[in-house]
Amino acid sequence: SREDRQSDIPAVLNRISGLKVKISKGGYILKDELDVKSWNNLVEAVNEVNRKKIKIIPHDLGYNLFKEYRDGSLRQKQKQYLKWIYAFDSNEGHSLPNFNTDHETLMKYKEFIGDRLKNNLIFTLLSKAQEAYPKQFSELLGISKRDYKKLAKTLLGLWKSDAPQKEERIKSILERNAFFVEEINWQPNITINEINDWLNSLSSNVIEKELVQKIFNDLYGENYGQMQKEMEKFEFKTEGKSGFGRPFRFILSKRKMHSVAMFNMGVCVAPDDKLWNSPDFWQMIIFDEEDNGCGGVIYRTIEEDDKKYLIASIQPSQGILSSVSPEQTYARIIKFSKLMRKGLKYQNLLIPTDSVIHSNRSSIQSIIPSMNYPTLTLKRKYDFSYSPYHYQYQKFYIVD
């Protein structure tokens, strides 16, 4: 359970939080004949699970999923595993509607594959399997025990010293070695061998994004690529002027009640508690006229050479982008972000050039590079997230 961290958001931003905007309504029209074959496997899974609930044991599903991948048999069992994975997600409260060929439904199915499956579900199931069957899982990963005694010796010396803020210094050393922990709660008499074992337990808990991507490719990779091509056959048409558009509010919040907002954004870093607990992590949530959350923006701050930069990861929900203009949505978000940058007296508003970080929405991913912003490369890489994936960035678009 996450703590309320509203105090992390600078008071100077209170005057713009709650900004009301209007965005032109509209809808998508089909420019060419649509081929929905790439949706078929998921449609079959959804139809079966929506008709009759299937009981799933998550750690067993995760272990068998990994084993089938290792054995090379996962591609032959795509439909079976897709059904079970969707059943697991449905049991968690995330069901898809019955299939039809309107743009919003097609996008919900596509985003289940591209966001939920690719960025969350596979990792979640593997993690549950690893927790339930650590020895067998490590064997499948091919991980043997590593020797971290040199690092352990350094950490032990610091732990037994009277150095100020030694826990924070230990965490800093661990982060430089790609270990991320929330707290250090070692016993006073811990030994080098015990620290070595502890480091091994951390390293064996790392599920590489490359592994998740390979499993995803076996499950749906080729069909997902075709889904993306088919969605390019739609074109958004606005209805009237923005002054008569749909109303929204942009609210900056790290309140406890909004600690789940990133899940609504459909981002893979939603379960990242270290990110949530970072004082420079802020979120702007888009609320519609019925106070439904419609995604938003993740902000972080980078400080380099006495200059501060506001970093924006733009994540409106697909629901809002299906009913109002994506271009105007983007423009309103950028205007709000510029007000933040100005109020904070930061050097620049930046957007990461890496599309994996700057947005999960394909329409926003298309808009950002089309703006022809100048770019900035900082002196080193900085952390965007820590778990389940450790994303970093260094190159950015200069927006303001």
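Our estimate of slack between Asp35 and Gln165, defined as 0.36 nm per intervening residue step minus the Cα-Cα distance, is 40.8 nm.
Summing Cβ point charges (Lys, Arg +1; Asp, Glu -1) relative to the Cα centre of the chain gives a dipole of roughly 560 debye. Label-to-label distance, Asp197 versus Asp383, with points set 7 angstrom from Cα along the beta-carbon direction: 2.7 nm.
Farthest toward the positive end of the dipole of the chain, out of Gln78, Met257, Ile207, is the Cα of Met257, where the dipole comes from beta carbon charges about the Cα centre. Spacing of the modelled spin labels on Glu208 and Lys229, each 7 Å from Cα toward Cβ, amounts to 2.9 nm.
Between the residues Trp198, Tyr309, His59, the greatest Cα displacement towards the positive end of the dipole of the chain, with unit charges on the Cβ of Lys, Arg, Asp and Glu, is found for Tyr309. Between the range 168-189 and the range 71-97, the C-alpha centres lie 37 angstrom from each other. Close lysine pairs were tallied over the range 239-392: pairs 8 or more places apart or on different chains with Cα atoms under 16 Å apart number 12. Summing Cβ point charges (Lys, Arg +1; Asp, Glu -1) relative to the Cα centre of the range 130-277 gives a dipole of roughly 540 debye. A cut-off of 5 Å between modelled amide H atoms, ignoring neighbours fewer than 5 places along the same chain, links Tyr386 with Leu275, Tyr391.
In this label model, Val356 and Met371 are separated by 2.2 nm, measuring between points 7 Å along each Cα→Cβ vector.
Using only side-chain charges placed at the Cβ, +1 for Lys and Arg and -1 for Asp and Glu, the dipole size of the range 158-203 relative to its Cα centre rounds to 180 debye.
Selection among Asn189, Phe179, Ser24 by position relative to the dipole of the chain gives Ser24 as farthest towards the positive end (Cβ unit charges, Cα centre).
Here the extension length gained between Val260 and Leu158 equals 33.1 nm, from 0.36 nm per residue of separation less the Cα-Cα distance.
All of the numbers you see were taken from the coordinates with simple rules; none came from a lab. Only a predicted model underlies this, so the values are computations on that prediction, with no experimental measurement involved. Please note: Cβ atoms are built from the backbone with ideal geometry, for glycine as well, and neighbour counts cover all protein chains shown.
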